[in-house]
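Trainee: Sharing a structure here in C-alpha cells format.
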Amino acid sequence: MILYYLDASAWIKRYCAEEGTASVAGLFAAGASIGCSALGLVEVLATLARKGKAGDLPMTDARRTCREAERDFELFHKVFLTPPLLKRACECARRYRLRGADTLHLASCLELRRMEWGGEAEVVMVSSDIELLAGAQACGLANRNPEQGAVLIPAR
C-alpha cells in the first residue's frame, strides 16, 4: 500500500486550478490513500478564504470549497499536533533548516511512516515546495512534486 502525504501546496491544487492540479486530481480520482497534518487543513482553508476575500474566488465558491476541503480531510489519514510531534518538528527544523510549517509537515509525514499500517505501506511526500521535498528525501522518504507530472507510483 502507498499512502500519499499532501502538504498544503499540493492539496490546494485540488480546489484551485494551477500547475500540478491534474496530478493531484489523479490521486483523488484513483481513490489513493491520502494523509495530511491538521495544519494542512488550516492552511488550505486560510488560502481559500484569502482567495475569496481578494476576489480571486467568488465568496460563495470559497465557502463551498472550504466545506469540500473539510469533507476531504475527514477521509484522510490525519496527523494531529501533539507534544511528541512538535519535538520531532523542532528536530527537523534544526537538522534540515526548513520553514516552520514545512518542519511540521515533514514531521507529520515521518509520523505517518512510523505508524504501523500493517508494515506494508510506503509513505510518499507530495509537495510543490522544493525545500520540503529535499528535506523529505534527506529523511529517506519517497517524494513527488505534482508540478512535475503524475504523482501516482505504479504498483509493484
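The values are calculated or read from the model by the stated rules, or taken from the named source; none is laboratory data. Predicted, not measured: the structure shown is a model, and the values here were computed from it. Don't worry about glycine lacking a Cβ; one is built from the backbone with ideal geometry, like all the others, and counts go over all protein chains shown.
Trainee: Output the residues belonging to the range 7-32 that are small (G, A, S) and surrounded by fewer than 18 Cβ atoms within 10 Å (Cβ to Cβ).
Mentor: A17, A22, A25, G26, A29, A30, G31
Trainee: Ok, one more. Can you tell me how many residues in the range 34-54 are surrounded by fewer than 20 Cβ atoms within 10 Å (Cβ to Cβ) and more than 12 Å from the chain's Cα centre (by Cα)?
Mentor: Looking only at that region, the number is 8.
Trainee: Give the residue that is farthest from V123 (Cα to Cα), with candidates limited to residues of the range 55-93 that are of a type in the set (V, I, T) and surrounded by 18 or more Cβ atoms within 10 Å (Cβ to Cβ).
Mentor: By that ranking, first place goes to T65.
Trainee: Additional query: Could you tell me whether L86 is farther than 19 Å from V151 by Cβ and either in contact (Cβ under 8 Å) with a residue 60 or more places away in the chain or of a type in the set (A, V, I, L, M) (or both)?
Mentor: yes
Trainee: Only one of R88, R144 is over 20 Å from S9 (Cα atoms) and at pLDDT 85 or above. Can you tell me which?
Mentor: When all the criteria are applied, what remains is R88.
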